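Derivation of every value follows stated rules applied to the coordinates shown; laboratory data play no part. Fair warning: this is a prediction, and the values are worked out from it, not measured in the lab. Counting neighbours? That spans all protein chains shown, and the Cβs are built from the backbone with ideal geometry, glycine included.
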Amino acid sequence: MWNIINENINKRSQKNDISYLNINGTITHNSHVIANTFNTYFLTVAQHIHTENSKNQNSGVGGNNPLNYLYNVFKQSIPY
């Protein structure tokens, strides 16, 4: 269905291949290493976010109130 719609509105799909990746200062062109690096990142990103949020809550940077968190992070007033 989307292929037909995109064809009719002359929208061409764009393919962005990753031919290399800088991993900790080392450039690699190995597609398996690149895939594994992305896999590891996406497997651990939720845990990293949770850990950082826990640190911020424990250190008083916002506590459980999202507005307090935003005020502390951006150090500017936020319009209501």
Worksheet item: Got a sec? How would Ile18, Ile34 order by Cβ neighbour count within 10 Å, fewest to most?
Response: Ile18, Ile34
Practice prompt. Treat the count of other C-beta atoms within 10 Å as a stand-in for reagent exposure and order Ser54, Ser19, Ser31 from fewest to most.
Written response: Ser19, Ser54, Ser31
